[in-house]
Amino acid sequence: MNYREALEYIHSTSKFGSVLGLERIKKLMEILGDPQEKLNIIHVGGTNGKGSTSSFISHILTQSGYKTGLFTSPYLESFCERIKIDSKDIGKDELAKSASAVKKAIDTLLDMGYDHPTEFEIVTAIAFYYYYEKEVDFLVLEVGLGGRYDATNIIKKPLVSVITPIDMDHMDMLGDTIEKIAYEKAGIIKPKMPVIVYPQSKEAMEVIKRVAAEKDSKLIIADIESNIKMSDLSAQVFNCTVDGHSFEDMKIRLIGRHQVNNAIVALNVVWELSKTFGYFIGKDCMYKGLERTVWPGRLELLKTEPNIIIDGAHNLHGAKALSSFIKDNFKREKTILVLGMLRDKEVDKVIRQLVPLAETIICTSPENPRAMDSSELSRIIRKEFKNVHIIASNNSIRKSIHEAVDIAKDDSTIIIAGSLYMIGSVRSIILNEK
């Protein structure tokens, strides 16, 4: 199996849908020799900020001299982005080799009478197999969906579990209340192993505390209070405290107040790895790791004159973070918003957060079967907002971007947001056009 054949095989299994449960992945990993049980894993779940927090953690560990794997989803531009070691994507030949081993194991699984694994289960198995073969020192493992029945939760004993902000998302699969969703997310907490938690709503925190107590797990709530000393479109500098120890003039290149909070959670994680497990992670490595962290597609400034910023804000929590950023940095009369949404997201709530902050709204449609048509999106916006200029673009995403650039002035800011599935295409278009 070569790289092209591997991708075709992986994507062909999307027909099996998204099915939560651990029976198939458990048996599949058993056939492969349970490589996941031989890895030092930091397991990261939550609704928002999982990827950024995971990236901060992995960069600090790499800077500390540890060979560090990072498994995330979805990808923006290349499938290989999902499986990294020390910030480098898995090679095409290596992906093909790991996929071949997993396919062979799946054939055995099917012969035993099990249902076919889902696409995400297969990708997770490929990642576990690859990281074991490469003998990584750590694996920062991002949950795909939920937590309790997510394929990544096959692991029995992560070094640390991490829970980022929890919000309403995937309600059809995880539940229709914060408490129900929090319970699913808290499913990654393992007996007697520490869990680092971003401060949550009262309802979510009560659930997490209860689950941690039931499993006799050490619960650490990150103190995200900070003094942001500098924040612009290129970087942020802040002071914070972790376990009573002060960190001054920490610098990150990710923008937005929420990224400072995510960085503080990451600091708590590596501090716990050092304090409880004895791994050497120097303060200087924490500084360098944070500063060198990149996470494309999340409040990312791609161009200037005019400013073009992309952000994968697709639910209420993400929209609130983007809203705060826009308010802090831009004037409404100079802001153009290109918005594309999936119809199964909190469309109304996202609209209320973002639309009032822009003078012109260009509605587009992501290239996804779940996409909301741009004309439908514009109708929803017009029902509530009368004093905005709305363009219902029936053109491609590329032409929607061009429409925004054509009406922008040098001091304008174009914000492109609404669906993470759209952001990868937008990023490729903007960066590859002269």
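Could you tell me which residue of the stretch 400-425 is farthest from ARG352 (Cα to Cα), considering only residues that are polar (S, T, N, Q) and assigned to a helix (DSSP H, G or I)? Step through it out loud before you land on a result.
So in the stretch 400-425, the residues polar (S, T, N, Q) come out as 400, 412-413, 419, 425.
Filter once more, keeping what is assigned to a helix (DSSP H, G or I): 400, 425.
Working: SER400: 21, SER425: 25 Å.
Going through the qualifying residues, I end up with SER425.
Checking SER365 against (1) farther than 30 Å from PRO199 by Cβ; (2) assigned to a strand (DSSP E or B): exactly one of these is not met. Which one?
(2)
Here is a check on your reading of the model: is LYS320 surrounded by fewer than 24 Cβ atoms within 10 Å (Cβ to Cβ), in a helix (DSSP H, G or I) and basic (Lys, Arg)? Quick ask: steps written out before the conclusion?
Numbers: surrounded by fewer than 24 Cβ atoms within 10 Å (Cβ to Cβ): yes; in a helix (DSSP H, G or I): yes; basic (Lys, Arg): yes.
It is true that LYS320 is surrounded by fewer than 24 Cβ atoms within 10 Å (Cβ to Cβ), in a helix (DSSP H, G or I) and basic (Lys, Arg).
Given ILE401, ILE397, ILE415, ILE362, which one is open to solvent by less than 30 Å² (accessible area, probe 1.4 Å), within 27 Å of the chain's Cα centre (by Cα) and at pLDDT 95 or above?
Working: ILE401 fails: at pLDDT 95 or above; ILE397 fails: at pLDDT 95 or above; ILE362 fails: at pLDDT 95 or above.
That would be ILE415, the only listed residue that is open to solvent by less than 30 Å² (accessible area, probe 1.4 Å), within 27 Å of the chain's Cα centre (by Cα) and at pLDDT 95 or above.
As an exercise: evaluate ASP89 against (1) open to solvent by less than 20 Å² (accessible area, probe 1.4 Å); (2) within 22 Å of LEU254 (Cβ to Cβ) and give the number of the one condition it does not meet.
Of the numbered conditions (1) open to solvent by less than 20 Å² (accessible area, probe 1.4 Å); (2) within 22 Å of LEU254 (Cβ to Cβ), the odd one out for ASP89 is (1).
Among the residues of the stretch 341-359, are any among the polar types (S, T, N, Q) and in a loop (DSSP other than H, G, I, E, B)? If you could, list the steps in order and put the result at the bottom.
Quick first cut of the stretch 341-359, residues among the polar types (S, T, N, Q) only: 353.
With the extra rule that they be in a loop (DSSP other than H, G, I, E, B), the set shrinks to none.
Scanning the stretch 341-359 turns up no residue that is among the polar types (S, T, N, Q) and in a loop (DSSP other than H, G, I, E, B).
So which pairs qualify, if the first residue must be in the stretch 122-133 and more than 13 Å from GLY144 (Cα to Cα), the second must be of a type in the set (Lys, Arg) and at pLDDT 95 or above, the Cβ gap must be under 7 Å, and the two must be at least 6 apart or on different chains?
TYR132/LYS38
Looking only at the stretch 160-177, which residues are among the β-branched types (Val, Ile, Thr), surrounded by 20 or more Cβ atoms within 10 Å (Cβ to Cβ) and more than 11 Å from GLY45 (Cβ to Cβ)?
Taking the stretch 160-177 first, the residues among the β-branched types (Val, Ile, Thr) are 160, 162-164, 166, 177.
Going one step further and asking which of them are surrounded by 20 or more Cβ atoms within 10 Å (Cβ to Cβ), we end up with 160, 162-164, 166.
Once the filter is applied, which keeps residues that are among the β-branched types (Val, Ile, Thr), surrounded by 20 or more Cβ atoms within 10 Å (Cβ to Cβ) and more than 11 Å from GLY45 (Cβ to Cβ), the stretch 160-177 yields only VAL160.
Residues in the stretch 299-310 that are closer than 16 Å to SER231 by Cβ and either part of a helix (DSSP H, G or I) or not polar (S, T, N, Q) (or both): how many? Talk me through it step by step, then tell me what you get.
Step one: list which residues in the stretch 299-310 are closer than 16 Å to SER231 by Cβ, which gives 299-301, 307, 309.
Those still in the list that are either part of a helix (DSSP H, G or I) or not polar (S, T, N, Q) (or both) too: 299-301, 309.
Going through the stretch 299-310 one residue at a time, the tally reaches 4.
For the stretch 137-231, which fully contained strands (runs of 3 or more DSSP E) count at least 1 residues that are of a type in the set (A, V, I, L, M) and free of Cβ contacts under 8 Å to residues at least 40 places away in the same chain?
Values: elements: 138-142, 160-163, 195-197, 219-221, 226-231.
The strands (runs of 3 or more DSSP E) meeting that bar are 195-197, 219-221, 226-231.
Given (1) within 23 Å of the chain's Cα centre (by Cα); (2) among the aliphatic types (A, V, I, L, M); (3) open to solvent by 20 Å² or more (accessible area, probe 1.4 Å), where does LEU61 come up short, assuming only one miss?
Every condition holds for LEU61 apart from (3).
Being part of a helix (DSSP H, G or I), surrounded by fewer than 16 Cβ atoms within 10 Å (Cβ to Cβ), at pLDDT below 95 and hydroxyl-bearing (Ser, Thr, Tyr) is the requirement here; does SER428 meet it? Talk me through it step by step, then tell me what you get.
Details: part of a helix (DSSP H, G or I): yes; surrounded by fewer than 16 Cβ atoms within 10 Å (Cβ to Cβ): yes; at pLDDT below 95: yes; hydroxyl-bearing (Ser, Thr, Tyr): yes.
Yes, satisfied.
The values are calculated or read from the model by the stated rules, or taken from the named source; none is laboratory data. Bear in mind that the values here come from a model prediction, so they are computed numbers and not experimental data. Counting neighbours? That spans all protein chains shown, and the Cβs are built from the backbone with ideal geometry, glycine included. We work out accessible area using only protein heavy atoms, side chains counted, and drop any ligands, DNA or RNA first. Shrake-Rupley method; radii C 1.70, N 1.55, O 1.52, S 1.80 Å.
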